[in-house]
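Notes follow the structure.
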Amino acid sequence: MAPKAQTGERTRVVGVLHVLASDDPVPKTRNEVFAQALQQLGWSVGDNLKTEIRNVGRDLDHLSRYAAELIALTPDVIVSVGSATVTPLQQGTRTIPIVFVNAPDPVGAGFVQSMARPGGNITGFLNFEYSMSGKWAELLRQIAPNVARALVFRDPTTAAGIGQFGAVRSVAQSGVRLLRRCGKVPTRHCMVRNESAPGDACHRHPEPQARRFPAPDAGQPKGGKGPRCLNSTRVRQ
């Protein structure tokens, strides 16, 4: 798309696939900011620009259908919000440009070859650099120097998070032993199975599969044993 819309050009179409529900305030705000930014570049919704928006929310079973609907419209570009929305789009088209946002590990997930040279028809933006995961582990060592074991929650069946876990592992090798990685099981069961003890810590990866496992009592395993673990690192003193 050109920086400025030209008079007489056809109406351009932008598809947007949100992982969040339509009634969530976050995608609403993002859509407004997105439209404002495009307008500053000369593209006005209802004038020379049309947006087709699909929101997944809890309707994950229909994610592939929403992706297929957008692809069938042959838009000029598709904006994919969240890692979960990229895969069905990637599988459905190799020609329509796809721009992802809010993806934690696009390289590990196989969306792009590298951030410097994405290749193919997909490019986009990371949540944060992989090295941030190493900083989490370093911070853990600073606030709890006696930690000897750390349990990392991530779903081993998905490629997303490989780069982040690699950064955590590289720091952990300096003195913190990583326990068995758990995914697709309730948090408290994983904690009990690993026989949590004083001096342990746990970290939950920011990928959707790892975040969806709620832990009772603010992350405390049943019976009060083991480290507290929410969406960030927790330590048992």
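Read the figures in this text as sums done on the coordinates, not as results from a lab. Just so it is clear, the model here is predicted, and its values are computed rather than measured. Positions of Cβ are generated from backbone atoms using ideal geometry, with glycine treated the same way; all protein chains shown enter the neighbour counts.
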Fill in: Length gained when the stretch residue 72-residue 28 is fully extended (0.36 nm per residue, less Cα-Cα span)
13.4 nm
Worksheet entry | Two-site FRET efficiency, residue 21 against residue 143, from Cβ-Cβ distance with R₀ of 25 Å, rounded to 0.05 | 0.10
Worksheet item: Do any GluC sites (Glu not before Pro) in the range 4-69 lie in a DSSP loop with no more than 16 other beta carbon atoms within 10 Å, and if so, which?
Response: 9
Worksheet item: How much length is gained if the chain between residue 121 and residue 64 is pulled fully straight, taking 0.36 nm per residue apart and subtracting their Cα-Cα distance, in nm to one decimal?
Response: 18.7 nm
Discussion item. Just to confirm the filter: which trypsin sites (Lys or Arg not before Pro) across the range 72-172 are DSSP coil and have at most 16 other Cβ within 10 angstrom of their Cβ?
Written reply: 94
Worksheet item: How about the range 1-90: which trypsin sites (Lys or Arg not before Pro) there lie in a loop by DSSP and see at most 14 other Cβ atoms within 10 Å?
Response: 4, 10, 58
Worksheet entry | Projected label distance in nm at residue 135 and residue 101, using a 7 Å step from Cα toward the beta-carbon | 2.1
Worksheet item: Using 7 Å Cα-to-Cβ label points, what is the residue 45/residue 10 separation (nm, one decimal)?
Response: 2.2
Fill in: Distance between the range 47-77 and the range 81-148 - C-alpha centres, whole angstrom
21
